[in-house]
Amino acid sequence: LEAIRDSEKNARNELTELGKKLEVTAQNNRAKEEEVRKLRKEVDRAKKGSTLYNLCNAVKPGETLELVSVDLPAITDTVVRGLYLRPGPHGSYIDRIELNSSAGKLHRLQPNDRVIEINLKDVSNAGYDAIMKEIESPRAIQLVVARIAPDIRDESKLRSDALKDQIKSVVMDLDKTAKTCQTLQSEAADLRDEIAELKAKQQSEISRASNQKTLEELQNLKALLAQKDQYLKTLETTVRSKNELLVTMEMDSHRSPSRATPNSSALQNNSFSPGLSSTSKDIRTRDAKTNGAAEQDSISELVKRYN
């Protein structure tokens, strides 16, 4: 059950993370669309108050011009500009950029960007050598380049396709999670049934063991009762024989009182008179009956308890 709960919790966490990713993607898309609108506004301003748009003759109808301005630091022993140009049909273009240079670390310039301005100076129609002289100068420069912006419709379509694919993957993951949950629930039901069966078996074994133990104790009690009965019978036989002996001795003493031998006198001295012998007989008989009754009561209580 704990494993099922953990899997359900993990599935919920994955769904939450995917929802957050979708929200972040939507926010990024909105931010990019806002940037595109800003750039279009900048292009519109450039059309109205600047000649930069007219200088970019390579722009075709329906395409959008994107302007990028960067500040490159001065060249030193440790700072390399790393910017290489090539001549083109309508000016100079960036050919390649070194990754570890000051231009490459900005991550804003791209190959095929057209150089428009250097330090607020229009170089859109300047020669290649003049532009390279400005680029290779050791002082810090402000560089403005122009590039054709990607079609927003294509980007939106690509984004929508990517989102659709992501949604499909999320739905597939949800289906897999649902199937996994169903499987885990069925396994949990099987485990519950097994646990119930084990509990029933354990209960039956416990009851069987207790019954067997009770039977053994009853057998022991029966054996003890038999021993006690045998002991009582033996005790009764002993008492009866002693009583008979006492009666015989009393009768002998009454028949021949004058022929008392030393042994008979010793027996008389040991209180073998008729009255005393009957008293001792009653006392012994009463003690034997009392002891037998007490033992019988204790045995009866044990039998009742186990029954």
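The values are calculated or read from the model by the stated rules, or taken from the named source; none is laboratory data. The structure presented is a predicted model; accordingly, all values stated were derived computationally and were not measured. Protein only, heavy atoms only, side chains kept; ligands, DNA and RNA dropped before computing areas. Shrake-Rupley method; radii C 1.70, N 1.55, O 1.52, S 1.80 Å.
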What is segment 84-134's relative contact order, in percent, from Cα pairs under 8 angstrom and six or more apart in sequence?
-> 35
Ignoring ligands, DNA and RNA, what percent of the 1.4 Å accessible area of segment 176-236 is carbon and sulfur?
-> 54
